[in-house]
Amino acid sequence: MGKGTQAQRLSLALGIPHIATGDMLRAAVQSNTPLGLKVGAIISRGELVSDDTMVEVIKERLSRPDTVRGFLLDGFPRTTHQAEVLGKIFDEQGRKVDGVVVLDAPDEAIVQRIAGRRTCESCQASYHVLAKPPKVEGVCDRCGGVLIQRSDDNEETVRRRLKEYGTKTKPVIDYFKTHNWPMKPVDAIGDMDQVFGRIYAAIMLP
Ligand code: AMP
């Protein structure tokens, strides 16, 4: 479990940039850009940011030169409309999708996991009070930054995020199926190394 951590690790292993729309939005919120001011409250409520805004964000990011040799998307597309826009960009650029990792975990496991999560304010490294505690409580092992709980990592908001996932994101699976984007279902229950091994195998094996 932990799509962000796994995505970061996979992008390092594959040598391609990790494009996480959630991280991009949170960075915008932290630095009070016009985008950040627009999306801060929406993220804290556990709702999805509008398609128009997300399409603008992803188009700008995918226009940068580091994406030429491939990239890993984390948290995008989250709606059928976003998938359609992405499909169009790929068609225009003559790109194909190598794999879509579909992490599978029961809602209750997700709630437990996310409610115990702590994130470094400075470098965004992720911890868990039980499963992956930092060496010193409240302090990031990696950079010494302060660990905080994300505004959308409390139980109530996680449940709203799961609801948003069910109504708006789950239908994206149908888009992947009809467009033959190769889906790689992965059991996300287990420790991080185990789950990473499954993801890596799913991506690398035919
Ligand atoms: P994440 O870090 O991927 O869990 O994203 C955190 C939050 O950012 C989500 O709960 C949404 O509010 C927002 N967000 C990130 N990516 C998207 C997207 N593709 N579409 C809409 N909202 C998004």
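For the reader, a short list of remarks on this structure follows.
- Filtered residues of segment 169-191 (kept if on the phi > 0 side of the Ramachandran plot and surrounded by 13 or more Cβ atoms within 10 Å (Cβ to Cβ)): GLY190
- Of the candidates ALA7, ALA20, the single residue that is more than 13 Å from PHE196 (Cβ to Cβ), touching a Gly at 6+ places or on another chain (Cβ under 9 Å), at pLDDT 95 or above and crowded, with 19+ Cβ neighbours inside 10 Å is ALA20.
- Given (1) modelled with pLDDT of 95 or more; (2) within 15 Å of the ligand (Cβ to nearest atom); (3) among the polar types (S, T, N, Q), index of the condition THR178 fails: (2)
- Boolean, ASP152 is part of a loop (DSSP other than H, G, I, E, B) and touching a Ser or Thr at 6+ places or on another chain (Cβ under 6 Å): yes
- Any hit, segment 29-52, residues being in contact with a strand residue (DSSP E or B) (Cβ under 9 Å, 6 or more places away or on another chain), surrounded by 14 or more Cβ atoms within 10 Å (Cβ to Cβ) and of a type outside the set (Ser, Thr, Tyr): no
- Flag for GLU60 being touching an Asp or Glu at 6+ places or on another chain (Cβ under 9 Å) and not β-branched (Val, Ile, Thr): no
- The residue that is farthest from PRO77 (Cα to Cα), among those in segment 34-54 that are outside any helix (DSSP H, G or I) and within 7 Å of the ligand (Cβ to nearest atom), is GLY46.
- Comparison of VAL101, VAL57, VAL97 shows that the only residue that is touching a strand residue (DSSP E or B) at 6+ places or on another chain (Cβ under 7 Å) and either β-branched (Val, Ile, Thr) or more than 11 Å from the ligand (Cβ to nearest atom) (or both) is VAL101.
- Pairs with Cβ under 7 Å, 6+ apart, first in segment 45-56 and farther than 11 Å from MET24 by Cβ, second more than 7 Å from the ligand (Cβ to nearest atom) and polar (S, T, N, Q): ARG45/THR157; GLY46/THR157
The values are calculated or read from the model by the stated rules, or taken from the named source; none is laboratory data. Worth saying up front: this structure is predicted, and the values here are computed from it rather than measured. Glycine gets a Cβ as well: all are built from the backbone with ideal geometry, and neighbour counts include every protein chain shown.
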